[in-house]
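Data block below; observations after.
What follows draws every value from the coordinates through simple rules; no lab data is involved. Predicted model only: the values in this text are computed from it and were never measured. Note that each Cβ is placed from the backbone with ideal geometry, even for glycine, and that neighbours are counted across all protein chains shown.
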Amino acid sequence: MVSGEVMPQTVHAYASNANAFNSAAIISILCYGAAMAAKKAGAGQPDEADQALVEQWRDMLALHARTHCELDRALQRHGLCASDFEVLDVLAATAVTAAPGAVCSYRVQEIAERVHLSQSALSRLIARLEKDELVERGMCPEDRRGVRVALTGKGRALHGDVLPVQRAVLTRMLARPETDVR
C-alpha cells in the first residue's frame, strides 16, 4: 500500500460502529481521494481553496466519528448503540404526529433512508431490537412483499428514558467551538 492511500478496511476500522459507514460512503471517500490524487498529479499542488475544502471534510468526518463513539458509550448503559437509538427515534417521531391509539410504523426501506444504513445492516439491527421486544415487525398491507416496523410499549418507554441522554451528548459534542473540532 502506498503511503497515504486509504483502503476500505482502514476507513471501516476507524468507524466506532461497523454500521457508521455504509458502502456508498466508503466508495465516495475513495473516489474523492482518487479524484484529488489525479488532480494533484495533473495540476501540481492543490490550491488553498481545495486544501480548505479537504480540511473541512476531514473535520466533519472526525466530529461525526467522535460524536458517534460518545453516543455509543452513553447509550451502552441502556443496552443500545447509536444506530439502535436512531431507529427507535425515527419510529418514536412518527408516533408523536399520529392520532391517539394509532399504530405507527415505517417500511424498512423508509427507515434505511432516514438512518443511513444499508438494507442488510438495518435488517440485522431490527432483528436485534425485535428480539429485545423493542420493536415489532408486520406485513405491509399496501405491498405484501414489504415489512413494516413499529415501536412496542417497551421500546417507547426505553426511547423516552434515553432521549435526554442522547440529546445531552449531541448538545455537548456539537456545541463545541470550531477550534475544538480537531
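Quote to one decimal, in nm, the extra length available between E130 and K154 on full extension: 0.36 nm per residue of separation minus the C-alpha distance between them.
7.6 nm
Using a 10 Å cut-off around each Cβ, can you sort M173, M60 from fewest to most neighbouring Cβ atoms?
Fewest-to-most Cβ neighbours within 10 Å comes out as M60, M173.
How much length is gained if the chain between E142 and R172 is pulled fully straight, taking 0.36 nm per residue apart and subtracting their Cα-Cα distance, in nm to one decimal?
6.6 nm
First obtain the Kirkwood hydrodynamic radius of segment 82-178 from its Cα pairs, then insert it into the Stokes-Einstein equation at 25 °C and 0.890 mPa s, and state the resulting D in µm² per second as a whole number. Write down the numbers at each step before the final one.
Values: Rh = 14.1 Å.
Result for D is 173 µm²/s.
Given points 7 Å out from each Cα along the Cα-Cβ axis, report the W57 to S118 separation in nanometres with one decimal.
2.2 nm
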